[in-house]
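Q: I have a structure here, written as structure tokens, and I will follow up with some questions on it.
Readers should treat all values here as calculations from the given coordinates under stated rules, not as data from a laboratory. Keep in mind it's a predicted model, so treat the numbers as computed, not measured. Positions of Cβ are backbone-derived with ideal geometry, glycine not excepted, and every protein chain shown enters the neighbour counts.
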Amino acid sequence: MQIIIKKLAPVFLEKEKIAQSDIWNKDISFNKGEKIQLVAPSGSGKTSFVHFLYGMRKDYTGAAFLNDSEISKMNAEQTAAMRSNQMSIVFQDLRLFTEHSAMENIAVKRVLNPFGEDSITEMAERLGIASKLKQHAGICSYGERQRIAIIRALQQPFDFIVLDEPFSHLDEANSKKALALIEEEVVKRGAGIILADLEPVSFYKADRTIHL
Amino acid sequence: MALSFKNIAPFLVIDENKTSRLFSYFGLGIGVLLLLCSVQLYININQLMKERNPKKSNYDFISITKRITDQNMGQDHSFTAADLQDIKSQRFISDATPLLANKFIVSASGGPALPFTTDIFLEAIDNDFIDTIPPSFKWKEGDNVVPIIISSDYLELYNTVFAPSRDLPQISQNTVGALMLELECSGVFGTKIFKGNIVALSDRINSVIVPKNFLEWANRSIANLPSGNATRVYIKTTDANNVAFLDYLQSKDYQVNKDKTRFGRVKQVLQAVVSGLGIFAILVILLAMMLFSFYLQLMIARSKDNLQLLLTLGYSPGWLSNTVSKKWVPVYVTIIVVALTATQAFQYFFQQGFLNGRDDLSPYIHWTILAIAFILIILCIGVNYRLIKRALFNL
């Protein structure tokens, strides 16, 4: 299982930024089981890149493939199958149902395509949000919401997990706990991690660091 | 735990606009009930009208003429070959044939046994149209005896009116065949006398019928005229009360025995009323479905953010459309089954109450009603599914 990028470049990004990047307009691939760190300063198109991989946007030239399937050419059903089975994600803007409890947010993902035994409560305890499970996500702090989104992303099978600034509102101790949990789950699946952040994450031991 | 509507229900705004949803259910129920009842009534009308008009064969035989009015008196009222062709080409007319008439003067006398003389007329028609054809109904040139078939009404008139007034003996149906009338046919080529033998009585054709080849020969040999166009045409139809048949006759201004088509005329009016009711019912159903579609669109618009997020999380749009639309399947089925039950109750009370349990009408609904109800269920579910699917794929 591979993510293959071929000459990918957002149509809206300045040419100078594309020229300086290690990813834009280059041929590059990510392998299953690999830990990738993507360092991307503001405005370099980090979130756009994540959205391109997840099949949410198509405003780019070049192509991105998940194995043999070109992501931009997948139909709605194929995209849904990819999202529920092959690629999991933690969005920078989290995308939670704010009117619903933390538990409902996680459970609605889990029930779609559950992976392993139900361990939502244990995970919540490990990340220190067990007491927030019944609380509406909308009234949780941003850090708590980040942890809800991380636990949600770990409920399904995947070959890659894409994390877009997953620890931006967490202190180092909580970030380490979250990363440890993510890495454990990734090992269970033999999957790869693509962690994108503004700066290198010091406690994340990546196999490759790529600058966007 | 299998994935089901229950899992996504909290993320949809379903319970708002309850009033418009309930109104659409109510409207749908009323519309379906009206439609089913009007179709059942339509079937009832056909059933009752048919039963009141028993037929001896599978066909009705009706004679038609062109209407003679104050304005067109004196004009030619015969049917041309084109008229006849047009009549025959109608799908509700199985066959049609002209009634040929004599072009010479004919008088009949009863001989010594029945001392009377009267002018009469002769007509001829294809044998297929005559209900009672004995083997003796044949004539060939040189034969002096001409077989005749007369309307049984004529014998009745003779026995009840004519014979008593002239002190003549009455004749039974069995003895009429023993009589030999004398037929005196006079035209430009002189007078010829034949023996006329009544070989059968007809309940169908109100005339004095002779073999066609005799009449054609006589017109030519006695009157020196071709038989020409007929002024009467006999029509063979499977149902004289067929509304399309009556509409055709009306459009052509052909005159027909009103009694034979009386039920058809009543049926024409009743069917028009019931059809109007059916169209109204379809409009009500359409309105109810439109109201429900507005409710669905509103529900999807209000749940748009959540639905979008479900799709982002990996929910398949196909599964979502299926699952959301399935939610209303029991509702549609219930509404239509209730309407079906009410139609059955209506039919039962119609048959038992209004018609005092007449056995020519079933107290149970016709299978067509079940089929329509089934089609309506499929239609409602299909429309609902397409609507939701389109809305979801457009998110």
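Q: Just how far, in whole angstrom, is segment A:63-130 from segment B:281-357 if you go by their alpha carbon centroids?
A: Cα centroid to Cα centroid, the span is 33 Å.
Q: Scan around A:SER101 for amide H atoms under 5 Å from its own, H built in the peptide plane at 1.01 Å from N, and keep only partners 5 or more places away or cross-chain.
A: Distant-sequence amide H within range of A:SER101: A:ALA137.
Q: A further question on this structure: Can you give the convex hull volume per residue for the Cα atoms of chain B, as a whole number of Å³?
A: Numbers: hull volume 91.1 nm³, N = 395.
Roughly 231 Å³ of hull volume per residue.
Q: Using modelled backbone amide H atoms (1.01 Å from N, in-plane), which distant-in-sequence or interchain residues come within less than 5 Å of B:GLY196's amide H?
A: Those lying under 5 Å, H to H, from B:GLY196 are B:VAL146, B:LEU181, B:GLU182, B:LEU183.
Q: Rg and Dmax of chain A over Cα atoms: what are they, in angstrom?
A: According to the Cα coordinates of chain A, Rg and Dmax are 16.6, 48 Å.
Q: Per-residue mean of other chain beta-carbon atoms within 10 angstrom of the beta-carbon, peptide B:313-324? Present the calculation step by step, with values, prior to reporting the outcome.
A: Values: counts 15, 17, 7, 9, 5, 4, 3, 1, 0, 0, 0, 0.
Averaged over the peptide's residues, the number is 5.
Q: So what is the relative contact order for chain A, in percent, with contacts set as C-alpha pairs under 8 Å and at least six apart? Write down the numbers at each step before the final one.
A: On the way: 387 pairs, mean separation 68.8, N = 212.
So the answer I get is 32 percent.
Q: Turning to a different aspect of this structure: Report the Cα centroid-to-centroid distance between segment A:156-212 and segment B:11-34 in angstrom, as an integer.
A: Going from one Cα centre to the other spans 49 Å.
Q: On to the next question. Give me the percent of Cα-Cα pairs in segment B:60-239 that sit more than 21 Å apart, rounded to a whole number. Walk me through the intermediate numbers first.
A: On the way: 8592 of 16110 pairs.
Roughly 53 percent, once rounded to a whole number.
Q: Same structure, new question: Per q in 0.18, 0.21, 0.33, 0.35 Å⁻¹, report the Debye log10 I(q)/I(0) for segment A:1-42, using one uniform scatterer on each alpha carbon and no solvent.
A: For the requested q values the scattering log ratios are -0.58, -0.75, -1.20, -1.24.
Q: Moving on. For helix B:212-221, what angle does its Cα long axis make with the longest principal axis of chain B, in degrees from 0 to 90 and rounded to 10?
A: 50
Q: Follow-up. Return the tail of the calculated pair distribution for segment B:61-156, meaning the percent of Cα-Cα pairs more than 19 Å apart.
A: Values: 2750 of 4560 pairs.
Roughly 60 percent, rounded to a whole number.
Q: If packing is taken as the average count of other Cβ atoms within 10 Å, what order do B:39-47, B:289-297 fall into, highest mean first?
A: On the way: B:39-47: 19.3, B:289-297: 17.7.
Highest mean packing first, the order is B:39-47, B:289-297.
Q: Given the protein assembly as shown, what whole percent of its Cα pairs are spread farther than 39 Å?
A: Values: 108724 of 183921 pairs.
It works out to 59 percent of all Cα pairs.
Q: For each pair in A:LYS6/A:LYS58; B:LYS103/B:LYS195; B:LYS18/B:LYS304; B:LYS88/B:LYS192; A:LYS32/A:LYS58; A:LYS132/A:LYS176, compute the distance between the two Cα atoms and list the pairs where it is over 26 Å.
A: Distance filter (> 26 Å) returns B:LYS88/B:LYS192.
Q: Non-local amide H neighbours of B:ALA96 (under 5 Å, H modeled in plane, Pro and chain starts lacking H): which ones?
A: Excluding prolines and chain starts, which carry no amide H, the hits are B:LYS236.
Q: Tell me which DSSP H helices of chain A clear both cut-offs, 15 Å or more of axial length from alpha-carbon atoms and a mean Kyte-Doolittle hydropathy of at least -1.0. Intermediate values should be presented prior to the final figure.
A: Numbers: long enough: A:142-153 (16 Å, -0.42); A:172-189 (25 Å, -0.48).
Qualifying helices, which must be both long enough and hydrophobic enough, are A:142-153, A:172-189.
Q: So if we plug the beta-carbon distance of B:PHE92 and B:LYS327 into 1/(1 + (r/R0)^6) with R0 = 60 Å, what FRET efficiency do we get, rounded to 0.05? Working shown, then result.
A: Values: r = 48 Å, r/R0 = 0.80.
Once rounded, the FRET efficiency stands at 0.80.
Q: While we're here: With r as the distance between the Cβ atoms of B:TRP367 and A:ARG57 and R0 = 51 Å, compute the FRET efficiency 1/(1 + (r/R0)^6) and round to 0.05. Could the numbers behind the result be given before it?
A: Values: r = 55 Å, r/R0 = 1.09.
Once rounded, the FRET efficiency stands at 0.40.
Q: Please identify the GluC sites (Glu not before Pro) of segment B:132-225 that satisfy two criteria: DSSP loop assignment and at most 12 other Cβ atoms within 10 Å. Which are they?
A: On the way: sites: B:GLU141, B:GLU156, B:GLU182, B:GLU184, B:GLU216; in loops: B:GLU141.
The qualifying sites are B:GLU141.
Q: Continuing with this model, one more query. With a ≥ b ≥ c the root eigenvalues of the C-alpha gyration tensor of segment A:21-66, is it rounded (a/c under 1.5), prolate (a/b larger than b/c) or oblate? Could you put the intermediate results ahead of the total?
A: Details: a/c = 1.43, a/b = 1.11, b/c = 1.29.
Here segment A:21-66 falls in the rounded category.
Q: Using 1/(1 + (r/R0)^6) with R0 = 56 angstrom and r between the beta carbons of B:LEU298 and B:GLU156, what's the FRET efficiency to the nearest 0.05? Don't skip to the end; give the middle numbers.
A: Details: r = 76 Å, r/R0 = 1.35.
So the FRET efficiency works out to roughly 0.15.
Q: Give me B:LYS140, B:LYS66, A:LYS6 ranked fewest to most by other Cβ atoms within 10 Å of their Cβ, as a rough exposure proxy.
A: Working: B:LYS140 9, B:LYS66 19, A:LYS6 14.
Ordered by Cβ neighbours within 10 Å, fewest first: B:LYS140, A:LYS6, B:LYS66.
Q: Same structure, new question: Sticking with the crude label model, points 7 Å out along Cα→Cβ, report the distance from B:GLN85 to B:ALA345 in nm, one decimal please.
A: Computed distance between label sites B:GLN85 and B:ALA345 equals 5.9 nm.
Q: May I pose another question? Order by neighbour count: B:PHE79, B:PHE162, fewest other Cβ atoms within 10 Å first, most last. Please report the intermediate quantities before stating the final value.
A: Numbers: B:PHE79 23, B:PHE162 15.
Neighbour counts put them in this order, fewest first: B:PHE162, B:PHE79.
Q: Further question on the same structure: Over the whole of B:4-12, what's the average partner chain Cβ count within 10 Å per residue? Rounded to a whole number, please.
A: Working: counts 1, 0, 1, 6, 3, 0, 7, 6, 0.
Across B:4-12, the average partner-chain Cβ count within 10 Å equals 3.
Q: For B:SER20, A:SER29, what ranking results if the residue with the fewest other Cβ atoms within 10 Å of its Cβ goes first?
A: Numbers: B:SER20 14, A:SER29 11.
Fewest-to-most Cβ neighbours within 10 Å comes out as A:SER29, B:SER20.
Q: Taking Cα atoms, how many degrees apart are the long axis of helix B:367-393 and the longest axis of chain B, rounded to 10 and kept between 0 and 90?
A: With both axes taken from Cα atoms, the answer is about 40 degrees.
Q: Using a 10 Å cut-off around each Cβ of peptide A:108-117, what is the average number of partner chain Cβ atoms that fall inside?
A: Working: counts 10, 4, 2, 7, 9, 3, 2, 0, 0, 0.
Mean partner shielding for this stretch: 4.
Q: Taking segment A:58-134, which trypsin sites (Lys or Arg not before Pro) meet the DSSP loop condition and have no more than 13 other C-beta atoms within 10 Å?
A: Filter output for segment A:58-134: A:LYS58, A:LYS134.
Q: Something else now. Just want to confirm a number: the relative contact order over chain B, from Cα pairs under 8 angstrom separated by 6+ residues, in percent. Spell out each step's value before the answer.
A: Details: 586 pairs, mean separation 112.3, N = 395.
Over chain B, the number comes to 28 percent.
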